[in-house]
Amino acid sequence: SMSLLDASCIRVIAESVGIAQVSDEVAEALAPDVEYRLRDIVQEALKFMRHGRRETLTCDDINFALRARSCDPLYGYSGTDPPRFCRAKGTQDVYYLDDAELNLADLMAVPLPSMPRPPRFTAHWLAVSGVQPDVTENPTSAEALAAAQPARAAASKRKRGGGNGGGDELNGDEALLGQAKQVLWAEQQVWLEKLFEIIRASKPAAPQPAPPQPAGGGGGAAMEVVGEGAAAPATSHPGGEAAVAASRAAGISLDSSAERAEAEAAQRRDAEAEGGHEAALGSALRSVAREPSMHAYAPYLCQFVESEVQRNLQCLPMLFALMRLVRAMLVCLEIT
């Protein structure tokens, strides 16, 4: 049989708690139930051990398992050191706890520990006019520098391009992540970069220089020589020869009409792009105003607004976009 407890073990356990007379039938009936409950407690204790990322089962794990099963814990077996079992001499499977013998007189001679201080509350200034006073409750300058060393090391590591998932060049300013208190995840950095790109797109593109006009130009169509003395229009027209003749009769050059068509097409493309950018900008600003975790982005947004205002003092569209961003930040309840 696979049973670990038999009737003799049940009788020994019963005698240890003061029950002397236990019949064989009762002991055999109790043995499977006791073994089942022991296995249940041990399996529950192993769960606490795995959650604690340990490989040694301790007495605290057993006590936690007993509490989870609404049982009283075992007192007298707590401690971080595991119990040490020694094999009894002359036996193969009998073990006992190696408990050191203590002299009661020595224990009585040990002085009692001092009484703990009662709790009390005091008030002190954390900062006065932005300067931290040098009092006992506040950390010293050396302690503040020691606490800032890990953050500075992480910031310098990010500047060198290590361990941040490629997001160390946020907003083109390498010092942006090092100056902020909040460190963003890679997904948050991607979202912030996309927001900055949408806002920067509000800045109009620089105008392209006009192409040089041919010298000695007249009202007719530009011609180029093809072969021996053969002339053909330099620009093609969808209307063919009839459109060429009609344009010449009206005194309109094909070059100017093509330029007007291209200008109109460019205006339509610009209007469509502006409408798409306005929709994207509105969606991004609504996300800023409603995002529950926007407090983590606040230092980055403030740094972005400050740097872009200094760079675009003469660009009204960009300044209007930055003002809308600031308004969305003021509307957001998560940014205080």
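Being among the aliphatic types (A, V, I, L, M) and open to solvent by 70 Å² or more (accessible area, probe 1.4 Å) is the filter here; which residues of segment 129-143 pass it?
The first filter runs over segment 129-143 and keeps only residues among the aliphatic types (A, V, I, L, M), leaving 131, 135, 142.
Of everything in segment 129-143, just one residue is among the aliphatic types (A, V, I, L, M) and open to solvent by 70 Å² or more (accessible area, probe 1.4 Å), namely VAL131.
Quick one: count up the residues across segment 297-335 that are polar (S, T, N, Q), surrounded by 13 or more Cβ atoms within 10 Å (Cβ to Cβ) and not in a helix (DSSP H, G or I).
The qualifying residues number 1.
Can you give me the number of residues within segment 276-331 that are acidic (Asp, Glu) and modelled with pLDDT under 90?
Total meeting the criteria: 2.
Every residue, every condition in (1) open to solvent by 100 Å² or more (accessible area, probe 1.4 Å); (2) over 38 Å from the mean Cα position of the chain (by Cα); (3) at pLDDT 90 or above, yes or no:
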residue	(1), (2), (3)
SER8	no, yes, no
SER23	no, yes, no
ASP60	no, no, no
ALA65	no, no, yes
LYS89	yes, yes, no
ASP93	yes, yes, no
GLU101	yes, yes, no
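Quick one: in segment 188-203, of everything that is open to solvent by 20 Å² or more (accessible area, probe 1.4 Å), in a helix (DSSP H, G or I) and not basic (Lys, Arg), which residue is farthest from ALA280 (Cα to Cα)?
Going through the qualifying residues, I end up with GLN188.
The values are calculated or read from the model by the stated rules, or taken from the named source; none is laboratory data. Only a predicted model underlies this, so the values are computations on that prediction, with no experimental measurement involved. Don't worry about glycine lacking a Cβ; one is built from the backbone with ideal geometry, like all the others, and counts go over all protein chains shown. Please note that ligands, DNA and RNA were not included when accessible areas were found on the heavy atoms of the full protein model with its side chains. Shrake-Rupley method; radii C 1.70, N 1.55, O 1.52, S 1.80 Å.
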